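*Asks:* Sharing a structure, written as structure tokens. Questions coming.
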Amino acid sequence: ETVLERVLINGGHTGALIPVAQLAPVTLGGTTISSATLSNFDEIARLDLAVGDRVWVIKANDVIPKITFVTDRPAHRQPIPLPHACPFCGGAVGRKVTTGGSEGVILACRNAACGQKTTGKLARWIASLEILGIGEAVLTALVAQAGVADVGDLYRLPDATALAALVINPEKDLRLGAKRAASILAALEATRTLSLSQFLGSLGIEG
């Protein structure tokens, strides 16, 4: 049992807006839990969940933290609002349509140019193909400074000397460096030839 302290929204390559509970840290199954996915906003309504509530948390399949029910609803609890605009780009939001054509439970950004979708698609490609060296900070810098807007741009990056100047930590003026740049370019080069299943699967095309 713990307290729901706030709710953040994660965004991915499909534009889905997924609420994530930030919890007062609690030990569960030998590990400290401080967050749990809420799946969608319908689940928040079903649980009648608000910030400040005391909640019961389990590990679904002994792995994934999940809130199962509210144990106490204090007077000072704060409702969790449904987003009326994308928190990342300000674009319109709406429910995703299921494969059967009906309205689903997932709320998503409808702006095709949403930067969170762009970064999400790139991150999916990198993770799917296990391209080493491009973490969140490097990816953010590539998008902001190197003009990377899609997967194809990763394979049109400049040489290691030019890429070395990429600022990956503005506060410390930390740059990528020639050695790391060369390693990233080599990792990308190794994924130029792919099977059709690798290619299509890594693109993260909806549906």
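Laboratory data are not the source of any read-out in this text; all were calculated from the coordinates shown. Worth saying up front: this structure is predicted, and the values here are computed from it rather than measured. When we count neighbours, we look across all protein chains shown, and the Cβ atoms used for this are built from the backbone with ideal geometry, even at glycine.
*Asks:* Test of understanding: what is the full-extension gain from R73 to R192, defined as 0.36 nm times their sequence separation minus their Cα-Cα distance?
*Replies:* Gain on stretching R73 to R192: 37.4 nm.
*Asks:* Please identify, among S34, S128, S102, the residue showing maximal mean-square fluctuation in a Gaussian network model of the chain using a 10 angstrom Cα cutoff.
*Replies:* Result: S102 has the largest fluctuation of those listed.
*Asks:* Turning to a different aspect of this structure: Helix 178-189: angle to the longest alpha-carbon principal axis of the chain, degrees 0 to 90, nearest 10?
*Replies:* 80
*Asks:* Could I have the simple spin-label model distance between D150 and A92, label points 7 Å from Cα toward Cβ, reported in nm to one decimal?
*Replies:* That separation, rounded to one decimal, is 2.3 nm.
*Asks:* In percent, how large is the relative contact order of the chain, given Cα pairs closer than 8 Å and 6 or more residues apart?
*Replies:* Relative contact order comes out at 16 percent.
*Asks:* Follow-up question, since we're still on this one. Given charges of +1 on the Cβ of Lys and Arg and -1 on the Cβ of Asp and Glu, with all other atoms neutral, how large is the dipole of the chain about its Cα centre, in debye to the nearest 20?
*Replies:* For this selection, approximately 140 debye.
*Asks:* List the residues of segment 1-15 whose backbone N lies under 16 Å from a point placed 7 Å from the Cα of I58 along the Cα-to-Cβ direction.
*Replies:* Correct set: 1-2.
*Asks:* How much mean residue ellipticity at 222 nm does the chain get from its helices, if each DSSP H run of length 4 or more adds -39500 (n - 2.57) and you divide by all residues, to the nearest 500 deg cm²/dmol?
*Replies:* Using -39500 (n - 2.57) per qualifying helix, the result is -8000 deg cm²/dmol.
*Asks:* What net charge do the residues around A24 carry, taking every other residue with its C-beta under 14 Å from that of A24, with Lys and Arg at +1 and Asp and Glu at -1?
*Replies:* Residues near A24 contribute -2 overall.
*Asks:* Amide H neighbours of G91 under 5 Å, counting only residues 5+ apart in sequence or on other chains, H built in-plane at 1.01 Å?
*Replies:* C86
*Asks:* Can you tally the net charge around A181? Count Lys and Arg as +1, Asp and Glu as -1, for every other residue whose Cβ sits under 12 Å from the Cβ of A181.
*Replies:* Around A181, the surrounding residues sum to +2.
*Asks:* With angles folded into 0 to 90 degrees, how steeply does helix 115-128 sit against the dominant principal axis of the chain? Use alpha carbons for both and round to 10.
*Replies:* 70
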